[in-house]
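The values are calculated or read from the model by the stated rules, or taken from the named source; none is laboratory data. Please read all numbers here as calculations on a predicted model, not as lab measurements. Cβ placement follows ideal geometry from the backbone for every residue including glycine, while neighbour counts extend to all protein chains displayed.
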């Protein structure tokens, strides 16, 4: 071809290549290697220790006939859709509000951001408490006179995922708000001026001009929020332990419980593989949009 | 760079009158929302100042009748982890010891990654970046076992450096994403001019890129301090008791399954453990937004 | 140079002396509450007094949090000196992989085969005729704890067994109390089911299903009756909205709930609240129907270390944990039963004595941990918590339960 030979390409900019070694090793050894290891051993009947005794798709058959796994997947999808939409929508709306040349912007921002500094364990613990019917919100409202007031999300299997959502949004929206606010500040003043001259209402300017301009911001946010949702674990353990019953189980809990508590590594790894597969399904279109769709100069 | 410099003022239309309906709506909404964010902290602080009898009476929202600082003392210096009754103080220095090298190493590696990905693209670099982003979606629990094997083979299982390596690996995806975005917002002309002047990979990195990237470094430091300080799983799986971070004691205090739950001590311990990242946030709020702007806006 | 050499010599000397004085052993366990820690302190005190040094590595959050950490460290090649497991199948594969120290010589020297009672405890430590762990205590899960005051207030006698308890439930509910307190976590539902099984179906059925693993009996009418009983019991627990077992116990202590099915460790909670057995609360082993107890418990395993001195210390510790004086001191603090019948426990309270009597009379079963793999136990717990907290028909739960047991054959 027209480019330099492969030896020349390999040894051009040696420092750049050396600098990239940690990244290359991490991706190949840890992420690719670890994933391959996971997939291979998911086809074995490993118990506590990994061993290569293959049993075909047996682990997967069992996985998909397990009601806890099915509930976990449904829960993650439900939580994922709501968390994604609400985190981004609320984050954006708050950012817009803070962007209105208001007083005490720093204070409001800090108030919204500080939960992000706390771990999910802490978040789950505090919200478990606030949502507890005996001494939380429900008892307070009842004490104010509404005797029949019922607000008991953590003990109602139908809405327990929303109890988790309340806590998850509390922890994560502030950070997204900051990203969005930063994005809004990056929009050129001239665009606002032009929109005002044309008499376009503010909300329309936001929705049809500013939001499309902030595409990269939304993509970064999407990656950060979505990767957090897939990993959802600590919050559930701290807040509901997957209960009531199995109503708030999530896949990461299934993986961990079967790998270590149940000492059935093969089963846990089969569940891991399914999670990784679903990530791939989401990620491949993204990678295509990011790299395939337009060529970098 | 343009966006970094133009961050000074808020945008949007100018407010006209102080008590316009619009203002009342904006502030009203913000105050109401703030209540949602403040409430848990309020509950935590109030509970940590109450005695156990008062807590049993109910109402988590009320302020304490008899203020006591005993729970704080107990959480910091007296709460027991098995036989060691010296509270959270035991793990504080361990956490610092883990935090400092982990933050430095993970940020150093990720910033070089971002720089190489933007300015020194090589064949397949985007493939590696995509895998890295894929890595950010992998639940930590899934990787627990492979990492044990990797560390064992490297001979650093159970050491501080093993843990630092783990934090560097798992911090890499998101940090690399942020650095890559930031560096791609720096005009390429600067880089090209330096190349013409004969500067090499490290020369450009240290003399041009680093001095221009304070905001994104602030973001990276904040994210890593929070993440690593709050980490429990890696700290406890990849080290040994004399290196256990503070979160292990927090877990021990909070999760003592048998015995009476001392909510006031739990809450005090929770706040004490969260103090370091909280202070970092309160101090650096403005820088954070500025840095985020630079790291997230261009993609 | 001289300085360096001198320093090196000094350091070497220091190390040598400390090694001669005491061998340090790091011991990991998940006993972190007040009473548990006090009990562990007895071990540590005795070990330190014997001239070695106990380095404590406690990890809270029950075995679920602690065990992955222990297993990672053992397989990661950086093992501790000794570690707690529930005896049974949890550490089996680590033993089979040759990662655990063989304690057979210690056991023979100290005559464990004769003194450890019940024998099933030592059997659970034995793999291929070799002994790999030192049992330290016995816990039994089949107890019904009842608040006497709830019944005094209603004006009916305190139930003497599970059937009376169920019969009294409507009156308890009419008085605005929760009949049965039950925490949200899966293992608690599984425990309650196990207790109801021994109480309703009896010893022979339990053994046929769990020891002989007769799936015909498991699918049979006796077990169907157990599931019906559990289905009616779950209605009693419908209003119980707590997470942890001790929060559920607290409902009984504060007379908000009439009773709770929980292991013998619950009495620690009553003690802390300064309630008196027989006066403030009633304990019914085997739910008052079948006075049998299954005997689970804790044991210590000793990972292999390539160090003769440490190995000798590990063996000293193993012998010490089983020795009579240490057994008494430990179990009085822990509220559990000792693993040998030849010790004096006159300081025990009423409920503990009931347990001791049952133990002495031999009305005992092995625990689920000993007869089933952790995989089966986890699946069963998942099913039970789903069953207890939903309206799944008893028949369906029964069918799925049998299918789960079959994965463990």
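Just a few scattered comments:
- Restricting attention to region C:198-226, the residues being modelled with pLDDT of 90 or more and crowded, with 22+ Cβ neighbours inside 10 Å number 2.
- Taking helices (runs of 4 or more DSSP H) as the structural unit, those lying wholly within region B:49-135 and holding at least 1 residues that are over 18 Å from residue A:17 (Cα atoms) and at pLDDT below 85 correspond to B:52-56, B:89-119.
- Members of region C:52-89 found to be part of a loop (DSSP other than H, G, I, E, B), touching a residue at least 24 places away in the same chain (Cβ under 8 Å) and facing another protein chain (nearest Cβ under 7 Å), listed by number: C:59, C:60, C:61
- Index of the failed condition, residue C:335 passing every other in (1) within 14 Å of another protein chain (Cβ to nearest Cβ); (2) modelled with pLDDT of 80 or more; (3) buried (at least 21 other Cβ atoms within 10 Å of the Cβ): (2)
- Of the helices (runs of 4 or more DSSP H) lying entirely inside region A:39-113, the ones with 2 or more residues being in the same structural domain as residue A:158 (by TED's automatic domain parsing) and closer than 30 Å to residue B:146 by Cα are found at A:58-64, A:67-98.
- Members of region A:68-100 found to be in contact with a helix residue (DSSP H, G or I) (Cβ under 7 Å, 6 or more places away or on another chain) and more than 30 Å from residue B:28 (Cα to Cα), listed by number: A:68, A:69, A:72, A:73, A:75, A:76, A:78
- Failed condition for residue A:144, given (1) touching a helix residue (DSSP H, G or I) at 6+ places or on another chain (Cβ under 8 Å); (2) surrounded by fewer than 19 Cβ atoms within 10 Å (Cβ to Cβ); (3) within 13 Å of chain B (Cβ to nearest Cβ): (1)
- Candidate set: region A:123-133, residues that are free of Cβ contacts under 8 Å to residues at least 60 places away in the same chain and within 7 Å of chain B (Cβ to nearest Cβ); chosen: the one nearest to residue A:178 (Cα to Cα): A:126
- Residue, surrounded by the fewest Cβ atoms within 10 Å (Cβ to Cβ), within region A:240-257, restricted to residues that are within 7 Å of chain C (Cβ to nearest Cβ) and free of Cβ contacts under 8 Å to residues at least 24 places away in the same chain: A:241
- Matching entry among A:225, A:237, A:210, A:217 (being assigned by TED's automatic domain parsing to the domain that holds residue A:129, surrounded by 16 or more Cβ atoms within 10 Å (Cβ to Cβ), over 17 Å from the mean Cα position of the chain (by Cα) and assigned to a helix (DSSP H, G or I)): A:210
- Only one of the listed residues (B:143, B:172) is within 7 Å of another protein chain (Cβ to nearest Cβ) and at pLDDT 90 or above. That residue is B:172.
- Scope region B:230-247; condition more than 7 Å from every other protein chain (Cβ to nearest Cβ), closer than 16 Å to residue A:238 by Cα and in a helix (DSSP H, G or I); matching residues: B:233, B:247
- Test: residue in region A:82-97 that is buried (at least 21 other Cβ atoms within 10 Å of the Cβ), closer than 30 Å to residue A:186 by Cα and at the interface with chain B (Cβ under 7 Å from one of its Cβ atoms): yes
- Test: residue in region C:229-248 that is under 23 Å from residue C:398 (Cα atoms) and outside any helix (DSSP H, G or I): yes
- Of everything in region B:75-89 that is touching a strand residue (DSSP E or B) at 6+ places or on another chain (Cβ under 6 Å) and in contact (Cβ under 8 Å) with a residue 60 or more places away in the chain, the residue that is farthest from the other protein chains (Cβ to nearest Cβ) is B:81.
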